[in-house]
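J.: Provided herewith is a single structure, encoded as structure tokens, for subsequent inquiry.
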Amino acid sequence: MTIDVAKIRADFPILERRIGDAPLVYLDNAATSQKPKQVIDALTDYYTRYNANVHRGVHTMSVEATEAFEAARAKVAKFIGARQPESVIWTRNISEAINLVAYSWGDANVHAGDEIVITAMEHHSGIVPWQQLALRSGATLRIIPRTGNGRLDMDAARKIINSKTKIVTAVQMSSVLGSVNDVKTLGKLAHENGALILVDGAQSAPHMPVDVEDLDCDFFGLSAHKMLGPTGIGVLWGRPELLKAMPPWMFGGDMILEVSYEKASWNELPYKFEAGTPNIADAIATGVAVDYLSALGMENVRAHEIEITGYALKRLTELERVEVLGPTDNADRGGIISFNHADVHPHDLGTALDRMGIAIRTGHHCAMPLVRSYDVVAAARASFYIYNTTAEVDALVEGIKQVERYFQK
Ligand SMILES: Cc1ncc(COP(=O)(O)O)c(C=O)c1O
């Protein structure tokens, strides 16, 4: 093991939980991760010791809150390889980050006749904001297809991205197939055609080292709740020169410099995009989540994931009636495995596994077009994180076998 899973598990109080008579086996990490006590304690600490508004007060607690809030921003910047902390904007989640770009940058820069390129692996959050921008602007939405083995069709990408393209947006890791996409090459293709690229890091940032400078992307988004942090907080990173040129998207306190009844002027980055009192406690706790992951080392987090995913793929593909959607080879792949059972509907499977304490996701995984491209309306999905063990993979496989026996009766 590259990380000490037993030691890690001791940090997560929820893993002590039992579902009915069974110990919890939490395999729904792509939906949201569990939180270590360090993150939970950071929330309590803020509310019990220095709860105050940021950027406004001269009193001690306001200064402390502001320092902790801005320190958390700097930690996230470092975590994703961003050189300037002010290029990190706090949002509610990655959905809001993508909407910010689609409205602010999109409405100012995308016009009739332009093309917006997304991939066949986008989450609804990576489809609908662009589809709506296309409808508002008269631009065309184009989709890079997937191959039969669940990879992006890069030959098609080379044809689809052209001089009409204004922006390309792509998931770095598919939330359904687990595929890790070559977003660096997509970014290169976008730039060669004078377009920008937004990378959806919702599933990659929690699981692998990310460096926005090395990726050479223009925007990058993540949600803290998928990487040990609280819900209700996410991040948009953007190239500072792009963010500076973009108009604000929401208006209110903190984002202004001067206000009269006739007009207003805008604050500097990042505040121009952070109207109103921000989510202070959750931002600070996100900094602690990032500390936790950084102490483990993202290379080690990734190595653990490769190990457990390889084992899970081996065990699941041994089951004759189970079909894995997406890549079954363990290269360029994250710890997300969607699968279907020939005889058991995913909802029945998920419900039966829950009785054994095993939490998996069932449904369309917020990616209806992708799941439907496999000629199914729903799938089961197991997804792993730092606290999962191969024994839990065994529990999943034994659970599926038990359900099979029941349905065969
Ligand atoms: C790839 C991807 N993008 C975007 C999202 C949306 O995340 P959120 O609901 O936190 O905004 C998810 C959530 O599952 C995701 O997996």
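The values are calculated or read from the model by the stated rules, or taken from the named source; none is laboratory data. Treat the numbers as computed from the prediction; the structure is a model and nothing was measured. Counting neighbours? That spans all protein chains shown, and the Cβs are built from the backbone with ideal geometry, glycine included. SASA here: full protein model, heavy atoms, side chains in, ligands and nucleic acids out. Shrake-Rupley method; radii C 1.70, N 1.55, O 1.52, S 1.80 Å.
J.: Rounded to the nearest 5, what % of DSSP beta bridges with both residues in the chain are antiparallel? Mind showing how you got there, number by number?
T.: Details: 28 of 47 bridges.
The antiparallel proportion sits near 60 percent.
J.: To the nearest 10 degrees, how steep is helix 37-49 against the longest Cα principal axis of the chain, on a 0 to 90 scale?
T.: 40 degrees
J.: Return one whole number: the accessible area per residue of the chain in Å², for a 1.4 Å probe. The partial results should precede the final answer.
T.: Values: 16910 Å² over 409 residues.
The answer is 41 Å² per residue.
J.: Here's a follow-up. Angle check, please: helix 124-137 long axis (alpha carbons) against the longest principal axis of the chain (alpha carbons), in degrees 0 to 90, nearest 10.
T.: Its long axis makes an angle of about 40 degrees.
J.: So what are the ³J(HN,Hα) numbers for segment 277-290, from phi and the Karplus equation (6.51, -1.76, 1.60; θ = phi - 60°), rounded to whole Hz, Gly and Pro as x?
T.: 4, x, 7, 4, 4, 6, 5, 4, 5, 5, x, 6, 4, 5
J.: Taking amide H positions as placed in the peptide plane 1.01 Å from N, state which residues far from residue 256 in sequence (5 or more) or on other chains have amide H under 5 Å from it.
T.: 267
J.: How big is the antiparallel share of DSSP beta bridges in segment 154-290, given as a percent to the nearest 5?
T.: On the way: 9 of 17 bridges.
Of those bridges, close to 55 percent are antiparallel.
J.: Further question: Starting from 0.36 nm per residue, how many nanometres of slack lie between residue 191 and residue 245 once their C-alpha separation is accounted for?
T.: Length gained, residue 191 through residue 245: 17.6 nm.
J.: Right, something else. Beyond 17 Å, how much of the Cα-Cα pair distribution for segment 151-194 remains, as a whole percent? Spell out each step's value before the answer.
T.: Values: 274 of 946 pairs.
Beyond 17 Å sits 29 percent of the P(r) for segment 151-194.
J.: Treating the angle as unsigned and between 0 and 90°, give the value, to the nearest 10°, between the Cα long axis of helix 390-408 and the longest Cα principal axis of the chain.
T.: 60 degrees
J.: Starting from 0.36 nm per residue, how many nanometres of slack lie between residue 407 and residue 368 once their C-alpha separation is accounted for?
T.: 11.3 nm
J.: Share of segment 143-189's accessible area from carbon and sulfur, percent, 1.4 Å?
T.: The nonpolar share, carbon plus sulfur, comes to 52 percent.
J.: Simple spin-label model, 7 Å along Cα-to-Cβ: residue 47 to residue 398 in nm?
T.: Spacing of the two 7 Å Cα→Cβ label points: 3.8 nm.
J.: Quick query: amide H of residue 144 versus all other amide H atoms, modeled in the peptide plane; which residues come in under 5 Å with a sequence gap of 5 or more or a different chain?
T.: For residue 144, whose amide H was placed from the backbone, the distant partners under 5 Å are 118, 119, 120.
J.: Further question: Give me D for the chain in µm² s⁻¹, whole number, from Stokes-Einstein with Rh from the Kirkwood sum over alpha-carbon pairs, 10 °C and 1.306 mPa s.
T.: Using the Kirkwood radius from Cα pairs, D works out to 72 µm²/s.
J.: Taking the simple approach of a point 7 Å from Cα along Cα-to-Cβ for both residue 261 and residue 295, what is their distance in nm?
T.: About 5.6 nm separates the two model spin labels.
J.: Using only DSSP helix segments of four residues or longer, with each worth -39500 (n - 2.57), what per-residue ellipticity at 222 nm results for the chain after dividing by its residue count and rounding to 500?
T.: Helices in the chain give a 222 nm mean residue ellipticity of -12000 deg cm²/dmol.
J.: Quick check: pseudo-label points 7 Å beyond the Cα along Cα→Cβ at residue 107 and residue 61, how many nm apart are they?
T.: My value for the distance between the label points is 3.7 nm.
J.: Another one. For residue 136, tell me the accessible area in Å² from a 1.4 Å probe, rounded to the nearest 10.
T.: Surface accessible to solvent at residue 136 totals approximately 100 Å².
J.: What length, rounded to one decimal in nm, is gained on full extension from residue 78 through to residue 319, with 0.36 nm per residue of separation minus their alpha-carbon distance?
T.: Result: 82.5 nm gained on full extension.
J.: Now a separate question. So how far, in whole Å, is the C-alpha centre of segment 218-237 from the one of segment 331-348?
T.: Comparing the Cα centres of segment 218-237 and segment 331-348, I get a distance of 25 Å.
J.: Out of the DSSP beta bridges found with both residues in segment 185-264, what percent are antiparallel (nearest 5)?
T.: Bridges in segment 185-264 are about 65 percent antiparallel.
J.: Once the whole set of protein chains is in place, how much accessible area is left on residue 366, using a 1.4 Å probe, in Å² to the nearest 10?
T.: 40 Å²
J.: Given a 1.4 Å probe and the protein chains all in place, what does the accessible area of residue 251 round to, in Å² to the nearest 10?
T.: Rounded to the nearest 10, the figure is 130 Å².
J.: Still on this structure, please answer the following. Whenever you get a sec, compute what percent of the accessible area on segment 29-117 sits on carbon and sulfur atoms (1.4 Å probe). All intermediate terms of the calculation are to be shown ahead of the outcome.
T.: On the way: 2050 of 3870 Å².
Of the solvent-accessible surface of segment 29-117, carbon and sulfur hold 53 percent.
J.: Here's another thing I want to ask about it. Can you give me the Cα centroid spacing of segment 1-47 and segment 302-326 in angstrom?
T.: 23 Å
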